[in-house]
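Reviewing the structure listed below.
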Amino acid sequence: MDFRFDIVRDYLPLLLRGTVYTVCISLASIALGSILGLGVGLGKMSRYWFLRWPMHAYINFFRGTPLLVQIYMVHFGLIPLLYGKTDAIAAAVTALSLNAAAYTAEIYRAGIQSIDKGQTEAALSIGMTPWQAMRSVVLPQAVRRMIPAFGNEFIVLLKDSSLVALIAAPEIMYWSSAMKNQYIRVWEPYLTAALIYFILTYTLNKLLVLLERKVA
Amino acid sequence: MASAHRPIIQVTNVSKRFGKHEVLSDISLDVAPREVLVVIGPSGSGKSTLLRCLNLLEQPSGGEIVIDGKPLLAKETNIVAVRAELGMVFQQFNLFPHLKVLDNITLGPVRVRKWPAAKARDKALELLRKVGLEDKAGAYPASLSGGQAQRVAIARALAMEPKIMLFDEPTSALDPEMVGEVLAVMKRLAKEGMTMVVVTHEMGFAREVGDRVLFMEQGRIIEQGEPKALFERPQQERTRAFLSKVL
């Protein structure tokens, strides 16, 4: 098997630009998905059915349907509906965030429910509102327990972001597919893409381990 | 306005059901300002539930509770504000493990009372001195013994300058050698004139510190009276039976 380093070198600037897109799309989706997920997770734990049911349905829908289908629906349906025309980056971030929110919602819920009820009661007994109790007492403790689960979700999201190449968001897979089509070669584009993804997930994993050690 | 004779806690016909199980039936009682009321009874008698109804950690199924003139179950009553006036000490301490001892105590004054940090800190240190733990201000709860943790929990409740203190079996989770240090703090508090409702199995404390002892069984108040009278001449057969087991 001959490996043509020259075509990798040719595409390297584009692949690196694609890497920047992958990182930015992933980070934006992680941030937005985590914030949205907190709302969804709290909603699912609400004592009001009109909050609980929609959040329940939301989580089931986004966990029970393929991410690619969601990406297509956002790209060809939701974004044009909202803005008149579509945009690959906006669609990518929207779809990945909505999807991540469903998964992080369940992480929040599990983490929050793992904190002893006595903690909330103690917070209420010193006159805190339920929201203050959640913010100052329950969440800070729960978040520590959530870090490993969040780490998994972030790594999955980073890898799944490769799907947005299919709506022509110019990230890593988009450029490796272009490389494949131009040279009709398989190993150079895909091994290179795999290596870049591996470096990204490996780094993210290391950062999460550091974070976990620092907080715990 | 509130006179010295008007009860600070008025409980009228309160009941509490969990599903079909009636935990409290038709409870009525008053507590006067500065009074120390001790509630005794076998486990499952509803005494903790009654205490938890007083700051609405449990929602009563029926009846009325008036704390310092405010009807708890009325829609217009701000229950969060009423809770700030009621300190509570739990069997399991429930200290906040992610916060240092000092921050456990200042959390309420800073977040709820909106005190400046320095004022809250001074108050917390003063209370830690009072419970004999000023050297633990910077420690995390995990490093404390049970007795120390419970004394911090008392300081945390007192930091809100409550009008009433509720104690839910404060010594039941402690090793025997640590019970004394917690009871000593509670005794001092009683002597200073704090209104207290104490659910406990410590009969010695009830007799020595209580102004009134109330015996509950199966969700009802069976008998109440001055400690000496209740312990020495119980009027009800069930009170006698219970006391003969615990004394």
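The values are calculated or read from the model by the stated rules, or taken from the named source; none is laboratory data. Every value quoted in this text rests on a predicted model; they were computed, and no experiment measured them. When we count neighbours, we look across all protein chains shown, and the Cβ atoms used for this are built from the backbone with ideal geometry, even at glycine. Each accessible area value is taken on the protein alone, full model and side chains, heavy atoms only, with ligands, DNA and RNA left out. Shrake-Rupley method; radii C 1.70, N 1.55, O 1.52, S 1.80 Å.
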Accessible area per residue of the stretch B:98-227 at 1.4 Å probe, in Å²? 40 Å²
Within 10 Å of each Cβ of B:94-101, how many other protein chain Cβ atoms are there on average? 5
At q = 0.08, 0.09 Å⁻¹, what is the base-10 log of I(q)/I(0) for the protein assembly as shown according to the Debye formula with one equal point scatterer per Cα and no solvent? Please give it to two decimals. -0.63, -0.73
Cβ-based charge dipole, the protein assembly as shown, positive-most Cα from B:Ser48, B:Leu99, A:Leu200: A:Leu200
Degrees between helix A:139-160 axis and first principal axis of chain A (Cα, 0 to 90, nearest 10): 20 degrees
Measuring with a 1.4 Å probe in the full set of protein chains, what accessible area per residue, in whole Å², belongs to the stretch A:159-208? 54 Å²
Per its Cα gyration tensor (rounded if a/c is under 1.5, else prolate when a/b beats b/c, else oblate), the stretch A:142-200 is best filed as prolate
Could you tell me what fraction of 2.2 N^0.38 Å the Cα radius of gyration of chain B comes to, as a two-decimal ratio? 1.01
Highest-MSF residue in chain A out of A:Lys159, A:Lys85, A:Lys180 [GNM, Cα springs under 10 Å]: A:Lys85
Dipole of the protein assembly as shown, positive direction: furthest Cα of A:Ile112, B:Ala120, B:Val89, with charges on the beta-carbon: B:Ala120
Cβ neighbours within 10 Å from other chains - mean over A:129-141: 3
Determine ³J(HN,Hα), in whole Hz, for all residues of the stretch A:116-121 in sequence, where each value follows from phi through the Karplus function 6.51 cos²θ - 1.76 cosθ + 1.60 and θ = phi - 60°; x replaces Gly and Pro. 4, 4, x, 5, 5, 4
Among A:Trp187, A:Met134, A:Tyr174, which residue has its Cα positioned farthest towards the positive end of the charge dipole of the stretch A:5-215, with +1 placed on the Cβ of Lys and Arg, -1 on the Cβ of Asp and Glu, and the dipole taken about the Cα centre? A:Met134
Please find, in a Gaussian network model of chain A (springs between Cα atoms separated by less than 10 Å), the residue of A:Ala142, A:Ala133, A:Ala169 whose mean-square fluctuation is greatest. A:Ala133
Counting other Cβ atoms within 10 Å of each Cβ, which chymotrypsin sites (Phe, Trp or Tyr not before Pro) in the stretch A:12-68 have at most 15 and sit in a DSSP loop? A:Tyr48
Work out the length of the dipole vector of the protein assembly as shown about its Cα centre, built from +1 on the beta-carbon of each Lys and Arg and -1 on the beta-carbon of each Asp and Glu, and round it to the nearest 20 debye. 400 debye
Given charges at beta-carbon only (K, R positive; D, E negative), |dipole| of the stretch A:5-215 in Debye: 440 debye
Classify the stretch B:2-63 as rounded, prolate or oblate, taking a ≥ b ≥ c as the square roots of the eigenvalues of its Cα gyration tensor: rounded when a/c is under 1.5, otherwise prolate if a/b is larger than b/c and oblate if not. prolate
Just from the alpha-carbon atoms, what are the Rg and Dmax of chain A in angstroms? 20.5, 72
Where is the GNM fluctuation largest for chain B (alpha-carbon springs, 10 angstrom cutoff): B:Met203, B:Met88, B:Met165? B:Met203
Mean separation of Cα contacts under 8 Å, 6 or more apart, over the residue count of the stretch A:29-184: relative contact order %: 27 percent
Dipole of chain B, Cα-centred, from +1 at each Lys and Arg C-beta and -1 at each Asp and Glu C-beta, to the nearest 20 debye? 500 debye
Which residues does the label zone of B:Ser43 cover in the stretch B:165-182, counting backbone N under 11 Å from a point 7 Å along Cα→Cβ? B:173
The aspartates and glutamates whose Cα lies under 20 Å from the Cα of B:Lys100, excluding any fewer than 8 residues away in the same chain, are A:Asp116, A:Glu121, A:Glu212, B:Asp122, B:Glu126, B:Glu134, B:Asp135
Treating the angle as unsigned and between 0 and 90°, give the value, to the nearest 10°, between the Cα long axis of helix A:49-64 and the longest Cα principal axis of chain A. 30 degrees
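Nearest 100 Å², what total accessible surface is buried between chain B and chain A (probe 1.4 Å)?
1700 Å²
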Give me the accessible area per residue for the stretch A:28-67, probe 1.4 Å, as a whole number in Å². 59 Å²
Angle between chain A longest axis and helix A:88-113 axis [Cα atoms, degrees, rounded to 10]: 40 degrees
DSSP beta bridges in chain B [antiparallel fraction, %, rounded to 5]: 55 percent
Would you tell me the mean number of C-beta atoms belonging to other protein chains that fall within 10 Å of each C-beta in B:108-114, as a whole number? 4
Going through A:Lys117/B:Lys228; A:Lys117/B:Lys114; B:Lys114/B:Lys191; B:Lys191/B:Lys228 one by one, the pairs whose alpha carbons sit over 27 Å apart turn out to be A:Lys117/B:Lys228; B:Lys114/B:Lys191
What part of the accessible area of the protein assembly as shown, given as a whole %, is carbon or sulfur when the probe is 1.4 angstrom? 58 percent
